[in-house]
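Comments concern the structure below.
Please treat every number below as a calculation from the coordinates, not as lab data. Here the structure is a predicted model, which means the values were calculated and not measured. No Cβ is skipped: glycine too gets one built from the backbone with ideal geometry, and neighbour counts run over all protein chains shown.
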Amino acid sequence: MTVQGEAKAAGPRAGRQPSPGAPGPERSARTSLARTRNRAAWLFASPALLVILLVTVFPVIYSVVLSFARVSIDYDGFQVEEYTLSNYGALLQSQDWYRALGFTILYTVVTVTIELVLGMLSALVLERLGVTRGWMLALLLIPWSLVTIVSAQLWKYIYDSTYGIATWGIALVTDDPPVILGEPVSAAAALMVADIWKTTPFVAIILLAGLVMIPDEQYEAAELDGSSAWSTFWRVVMPQLLPTFTIAVLFRVLQAFGVFDLPFVLTQGGPGTSTQTLAIMGYKVLFQDINIGPGAAIATSTALIVGLGCLLFLRAFRNQAKGGE
Amino acid sequence: MQIDRRGLLTGAAGLAGVAALAGCAPRAERTKIGDWPTEVGDEPVTIDWWSANIATNEGGDLRPRLIEEFNKAYPSVRINLVAAPADTDTNRTTLTTQIAAGSQSPDVIHGDIAWPGQFAENSLATPLSTLVPDDFWDQYPEGLRSAASVDGEYYMFPVYIDNSFLVYRQDLLDKHGFQVPGSWEEVVETSKALIDTGDVDYGFVFQGNVYEGMTCNAVEFVADAGGRFTDDDVTESTATSSEARRGLEFMASLVSEGVTPRASLTYIEQASLDAFTTGRAAFLRNWSYAYDTANSPDASSVAGKIGIRSRPGFDGTDETHTTIGGWGSYVNPHTAHPAAALAWARWLADEDAQQLIVREGGVIPARTASLTSPDAKAAAKPQYEIAADYTLVPRPTATAFYPKVSQGIYVNANSIAAGQSAVETGTSRMQRQMDVALAGQAL
């Protein structure tokens, strides 16, 4: 991404070509200047690019390489014994992997959907707030600004089966203290609640940024035309908000699909393997079982699936956005 | 030289490729472990010791005391204590990639007795046979020696063993005129009666979360019923045997009959101890330190009101069972200070440290002679007396795939205890998953 960005930044100047009929010496001077500028741009960008290369590109490539490798570890370090497709074969034959994939998709769809609805409602309210908007924004940002491991630990206390306030509250109503993190359905719901609590403000702020860009005149015009609030929202606000909306969805899908910290603290993927996400499974296979090839295959396939999902989503939304124009 | 985008990207890809190949390539050969120096010199040296807390008999931290005593014998070796996660799985996971990648630190690892199989298979621990005399190992009990070794090669210096015990509320038994239960059936009966009095919320609590502790509990209940989870060679699962089913069925009945709260299926050691020390539970299954902590007024509201006995068996049997828990020292094969690392790891397993553990520790020393020494008699710990009569039941750790085998046990045992799986289907699934794991085919 950044490489392209840098190229674009350098592009207009570097790509400025002399007109075909320009005299020789001037043309040569301009080309030389363009080259110098081009070179300088790449030179200045190269330290940052090198860092990105080392911390992002290399690990990604290496992970893909390992996903095709049978790796053994001995006293002299890592050894790749052979390159094979068997890691992916093992994945496709593993019920745990399908279960983790299913749970990850469910988790992503449910949390992102609810966060978008709540985030949109919050953004609409925030947009109408006057002087208190700044304060409300600051308050809203508290959950988002907490480190997830810390907030997950707080939720763990809330859900605790012996002392948790949620357990106590439910027991007041049902007279039977639940074991929230000990049952598959309630454990999954508990994870989703913690995620939604933390991330809704993020969605709200992105959508708010989109909302304030919509000119007031358009609302006034809609009002003059006798449009109801409901109809204004769907016909005026949503079409213009679609690009911002798409960004919010993409960010959230990417994050939710790779969720690790919440289930790691709250359930470790349990009870059983019912809340095991692909990231938790990859961690267990790679680090607990030291099964490097299959672990890398889980990581690579997860990236591939979420990448494809996002591409499909972008395509669908681009068409829809065009249709709305 | 012209630096354009294409050139830079090509170069970058090349560099990444070279780096990837370099990562795959074997490293230069190092000093052979057999050639390691074993004598510590006078040069000051600092080694990193990766260790979670080791409890004192008052619930404190024994690690600084051990370091202090060691430095009297080895003043030139400075021990830098690196605090490790208390949870055994998190602890191991944090370590494995670090050592597998060739890190020189930590030099010495205080690790679980369940690790030798996996550590040997992946070269994460130093084989010790050539570094210490053969008769060194004679000072430990047979069960511990076999747990510390794989195919006749030792990988761990034993530091302490741990047994599980039944801790109970003596005051409540006295108040309501009950005897200390002599069997599981009596634990159930007494628990129900005590819950009915309203003095406790829970009867019996144990560690039922989806983790290694559940495997320990499941192994014990199955042993109580006369069974094992694998054959003797640890090559095949026997989880569908009638004994295994009976043990797990009893565990599930504890929950379904309300003797054990469902919350217990989310407990790890500390959570179960909390339920007991705050007075909510009448009986607790936990490791040796739990009795000391529950009896310490600083940490417990039931201090001075409790008793301890072996985990009971079922009606009609006198034999009592505990899994072998415990921790020992592993030496990082990549250590830059082999002599100092070896000296520290060995010292922890030898007489001086073991006697210190007897005098001040909240755990059971690994050395047989220390357990019966005058210091041990003077300490007058009930755990030591009970330990002498226990039948030790090993977990099926003697396989390189133990973490996956254990996962097959604890995931399904949790599911059976929670009533989510019937015993028949749960044990069938357990057997299938264990067999796949034992064959090295589990993902």
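Numbers below:
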| quantity | calculated |
| --- | --- |
| Percent RCO, i.e. relative contact order, over chain B, from Cα pairs under 8 Å lying at least 6 residues apart | 25 percent |
| Mean Cα-pair separation over length for segment A:144-193, i.e. relative contact order, pairs under 8 Å, 6 or more apart, % | 22 percent |
| Cα-based shape type of segment A:90-324, given that a ≥ b ≥ c are square roots of the gyration tensor eigenvalues and the cut on a/c is 1.5 | oblate |
| In nm, spacing of pseudo-spin labels at A:D176 and B:T425 (7 Å Cα→C-beta vector) | 2.0 nm |
| Chain A - charge dipole about Cα centre, Lys and Arg +1 at Cβ, Asp and Glu -1, debye rounded to 20 | 1560 debye |
| Cα centroid separation, segment B:206-249 to segment B:287-307 (Å) | 29 Å |
| B:D35-A:Q79 FRET efficiency (beta carbon distance; Förster radius 30 Å; 0.05 resolution) | 0.85 |
| HN-Hα J in Hz across segment A:110-121 - Karplus 6.51, -1.76, 1.60, θ = phi - 60°, x for Gly and Pro | 5, 5, 5, 4, 5, 5, 5, 5, 5, x, 5, 4 |
| Distance (nanometres) between label positions extended 7 Å along Cα→Cβ at A:M213 and B:D352 | 7.1 nm |
| Stretchable slack from A:F260 to A:A316, in nm (0.36 nm times residue separation minus alpha-carbon distance) | 17.4 nm |
| Normalised contact order of chain A, rounded percent, pairs of Cα under 8 Å and 6 or more residues apart | 23 percent |
| R0 of 45 Å, Cβ-Cβ distance B:T197-B:D42: FRET efficiency to nearest 0.05 | 0.10 |
| Share, in percent, of DSSP beta bridges within the protein assembly as shown that are antiparallel, nearest 5 | 65 percent |
| Segment B:29-164 shape via C-alpha gyration tensor axes, a/c threshold 1.5 | rounded |
| Computed magnitude of the charge dipole of the protein assembly as shown (debye, nearest 20; Cβ of K, R +1, Cβ of D, E -1) | 4160 debye |
| Pairwise centroid distance, computed over Cα atoms, of segment B:389-443 with segment A:222-274, Å | 40 Å |
| Local net charge near B:T88, Cβ-Cβ under 9 Å (Lys/Arg +1, Asp/Glu -1) | -3 |
| Cleavage-rule hits, chymotrypsin sites (Phe, Trp or Tyr not before Pro), segment A:137-232, DSSP coil, Cβ neighbours within 10 Å at most 15 | A:Y163 |
| Cα shape, the protein assembly as shown, gyration tensor, a/c 1.5 rule | oblate |
| Helix-only mean residue ellipticity at 222 nm for chain A, each DSSP H run of n ≥ 4 adding -39500 (n - 2.57), per residue, nearest 500 | -24000 deg cm²/dmol |
| In sequence order, calculated HN-Hα J values of segment A:236-252 (Karplus, 6.51, -1.76, 1.60; Hz; x Gly/Pro) | 10, 6, 4, x, 7, 8, 3, x, 5, 4, 4, 4, 4, 4, 4, 4, 5 |
| Pairwise FRET efficiency - A:V60 versus B:T94, Cβ, R0 = 30 Å, nearest 0.05 | 0.85 |
| For segment A:128-199 versus segment A:53-122, the gap between their alpha-carbon centres in whole angstrom | 28 Å |
| Distant-in-sequence amide H partners of B:S421 (H built 1.01 Å from N, under 5 Å) | B:I416 |
| From phi via Karplus (6.51, -1.76, 1.60), per-residue ³J(HN,Hα) for segment B:66-82 in Hz, x at Gly/Pro | 4, 4, 4, 5, 4, 5, 5, 8, 10, x, 7, 9, 8, 9, 9, 7, 9 |
| Exposure proxy order (Cβ contacts within 10 Å, fewest to most) of B:F165, B:F136 | B:F136, B:F165 |
| Distant-in-sequence amide H partners of B:G203 (H built 1.01 Å from N, under 5 Å) | B:A282 |
| Residues whose placed amide H lies under 5 Å from that of B:E153, excluding near-sequence neighbours | none |
